[in-house]
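What follows is one structure encoded as structure tokens, with my remarks underneath.
Bear in mind that the values in this text are calculations on the coordinates, not laboratory data. Since the model is a prediction, treat every value here as computed from it, not as a measurement. Note that each Cβ is placed from the backbone with ideal geometry, even for glycine, and that neighbours are counted across all protein chains shown.
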Amino acid sequence: MIKRHKTAKELFSYPLYWAECYGVSPFLPTTREEMDALGWDSCDVIIVSGDAYVDHPSFGMAVLGRLLEAQGYRVGIIDQPDWRNTEDFMRLGRPNLYFGVTAGNMDSLINRYTADLKVRNDDAYTPYGIGGKRPDRAVIVYSQRCKEAFHDVPVMIGGIEASLRRIAQYDYWSDEVRRSVLIDSTADILLYGNAERAMIEVTHQMAMGKTLDELTDIRGTTIVRNTPPGGYTEIDSTRVDWPGKVEQIYSPYEYIPEGKCQTKDEEESDVMPIRVIPAPLRRGEKLDPEKTYIRLPSFEKVSKDPVLYAHTSRILHLESNPHNARALIQKHGKKEIWVNPPPIPLETPEMDGVFDLPYARVPHPKYKKARIPAYDMIKTSINIMRGCFGGCTFCSITEHEGRVIQSRSHESILKEIEDIKDKVPGFTGHISDLGGPTSNMYTLNCNDDEVQASCRKLSCVYPTICSNLNTDHSPTTQLYRKTRAVEGIHTVSIASGLRYDLAVEDPEYVRELVTHHVGGLLKIAPEHSEQGTLSKMMKPGMGTYDRFKRMFDKYSKEAGKKQHLIPYFIAAHPGSSDEDMLNLAVWLKTNDFKPDQVQTFYPSPMSLATAMYHSGKNPLKPVTYKSEDVYTPKDAKQRTVQKGFLRYHDPSNWQDLRNTLIKMGRPDLIGHGDNKLVPAEEKDKQIHRRPQKAKPGQATGASHTSNRPTMEKNAAAEKARRKTSNDAKPASSRINGGPTAPAKRRKTKVKSRQQ
């Protein structure tokens, strides 16, 4: 019988490396002089990062560096090296085991460019916030420089940038499908997701004398193979249907997972053949997932066929549960990219061990008093969990951290508060956040291990909350109370995003949050008001928002506080037509919201929404050439118009909105009065072109007028939406999202700064 719920070797159970005798360093060394002061003649591992070195558990290089140090290895840091030559990459000498390369906490291209492909002038992970201190596609550039400096030293790549590029992926900045970053970087191995397990296993094996060529089956790793491994069964998923006669569409999910491996004789034989199962799969076939892999369409095919790209994206996401995922393989020319199943999530004692490591919790002293904006934002915040089971299609957290929530213990979190009190200069008693990807998913997981081990749902909360999901927030409520009781702590804020469809399942949690942990404004993310767009986002409808708002207002009133919700919305998301954005704008005006900072959809690598953007297909459902088409605004003008609907109150958007409303057959929304969206043209001359500065407390995701939303206004907004849908006249196909084929691509491409 196949074991259903998988476990892994305990993270801190490995034998210590001999160099543990050097003890704990105040900071991981960044120069030869610092190495000499520690008595080191060399580093075992050198981590290269695009971020400034901050010894804090919110910075990946510090987490992995301190974890390796705890295992006895000597770890050096090369932070923000000059990539134009190899000099900086040689400053710590030759590592005994390998270089570990990461772009940093953010993707280097998202860090450098806005969603409109404009260059940002700052970088929050650099001293003084100065931009331009890292190259575009930093993982590729850094890896190649490491190879130039020491050609025979293995290079391991990881972090968010590498993780989301482990197979062929659509690249928004060049508007093309690119190869796996493992190929382009010339690195030897890629670690994806939270890499503690994989990094410790790989490092331990290399320290014992094994080469990376021998480490082919470690979870959470991606490698390059010349041929598939023997003894496996290959499930061929390289095709969807084709024009003309449509065969039975093959799915790699039509097998019985409880099956066993073929025979003992086959396992022990010298020749271990690959068994290929073509479409259609014989129903009832029993396969062992441990000895099964899925063949994805090749890079050459997905780069030319957007439908195959969407199909590949769907398969990748369905194979993301660490307890049932199978290996994936994708041909790149003559090479094969082999993606091992995801890492087993950390247990609570392991999470505690990672966060209890001896972090200094401040930037490296070499920066002196230089301000690092990212550090200022998190220096008094505490990460209480990892992972997210929300499944929002525009977000890449699930592809990186996984859906299984990994939570710390109360004791570990309270210990970190004491560390903050002792180590953070100028601490005032304010904990700025207790959170993670989603603050109120702490300790929430599937109630049934067997169900979780076989589940392939893309979300635990969409379209409704799964009946097997534990929604009890009492551990979070108790944690909040314990942190407030710590001596010297006067305020504990919750600044991470809140999943309000979960929160309403536990009114006592909402009461606790609203009464004690909201400083006047609470950020939530409905993202849109229209069901068609929300279904492409995998987000709940506005009815859930209204339910949460009633709770929020009720408990705020009981606490004697005047507090507001700050809803965030996205423009130009796949599936969003101009009519959808108009309906959202009507909802915003009816509810007296005037969004200040608004977001345009940013197609990040590997997300499901990016697959929709590129392919015009919906990978939330089985993909074929005849399956559902998804309209997406792509050209710069239309994206600007959709963004303008969110900022309907900004005079600089009025002319574009007037033109769009006329094309849509809705001139009735132009003019003066509460039932109008934008003023008539003569109003432009009576008002400043630049919108007035937000008042104190309003410079957030959305600013509010003096009249707060009421349920009557919500009802009026719903009525206005229905009227918009019923009364809208036929307009051009571009405005109404008429054509089902993908819209014309924008011509702008980013010229990379790699050299």
Problem - HN-Hα J in Hz across segment 580-594 - Karplus 6.51, -1.76, 1.60, θ = phi - 60°, x for Gly and Pro - result: 4, 5, 4, 4, 5, 4, 4, 4, 4, 5, 4, 9, 6, 9, 10
Handout entry: Whether segment 3-146 is rounded, prolate or oblate, judged on the alpha carbon gyration tensor where a/c under 1.5 counts as rounded
Key = oblate
Handout entry: Contour minus Cα-Cα distance for Glu347 and Phe12 (0.36 nm per residue)
Key = 119.4 nm
Practice task
Pop out the ³J(HN,Hα) list for segment 198-211 in order, Karplus 6.51 cos²θ - 1.76 cosθ + 1.60 with θ = phi - 60°, rounded to Hz; leave Gly and Pro as x.
Solution key: 5, 5, 5, 5, 4, 4, 4, 5, 5, 5, 7, x, 7, 9
Exercise for the section: Would you mind classifying segment 22-101 by shape? Square roots of the alpha carbon gyration tensor eigenvalues, ordered a ≥ b ≥ c; an a/c under 1.5 is rounded, otherwise it is prolate if a/b is larger than b/c and oblate if not. Expected result: oblate
Exercise for the section: Mind scanning Lys133/Lys523; Lys523/Lys554; Lys562/Lys589; Lys561/Lys594; Lys6/Lys536; Lys482/Lys561 and naming the pairs with a C-alpha gap bigger than 28 Å? Expected result: Lys133/Lys523; Lys6/Lys536
Exercise for the section: Would you pull out the residues with amide H under 5 Å of Gln599's amide H, same chain only if 5 or more places away, H placed 1.01 Å from N? Expected result: Phe569, Ala571
Fill in the blank from the handout: For segment 496-637, shape from the Cα gyration tensor axes a ≥ b ≥ c, cut at a/c of 1.5 then a/b versus b/c, turns out prolate
Handout entry: Label-to-label distance, nm, for residues given as Asn659 and Glu628 (7 Å Cα→Cβ offset)
Key = 3.3
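If each residue's Cβ is checked for other Cβ atoms within 10 Å, how do Glu34, Glu347 rank with the fewest at the top?
Details: Glu34 20, Glu347 15.
Lowest count first: Glu347, Glu34.
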Exercise for the section: In whole angstrom, note down how far apart the Cα centers of segment 26-100 and segment 562-588 are. Expected result: 45
Practice task
Would you mind ranking Lys301, Lys626 so that the residue whose beta carbon has the fewest other beta carbons within 10 Å leads the list?
Solution key: Lys626, Lys301
Problem - Sequence of Met377, Met208, Met351 once ranked by neighbouring C-beta atoms within 10 Å, starting from the fewest - result: Met208, Met377, Met351
Problem - Peptides 459-469, 43-53, 399-409 ordered by average Cβ neighbours within 10 Å, highest first - result: 43-53, 399-409, 459-469
Exercise for the section: List, in order, the whole-Hz ³J(HN,Hα) value for each residue of segment 613-621 obtained from phi through the Karplus relation with A = 6.51, B = -1.76, C = 1.60 and θ = phi - 60°; use x for Gly and Pro. Expected result: 4, 6, 9, x, 10, 10, x, 6, 10
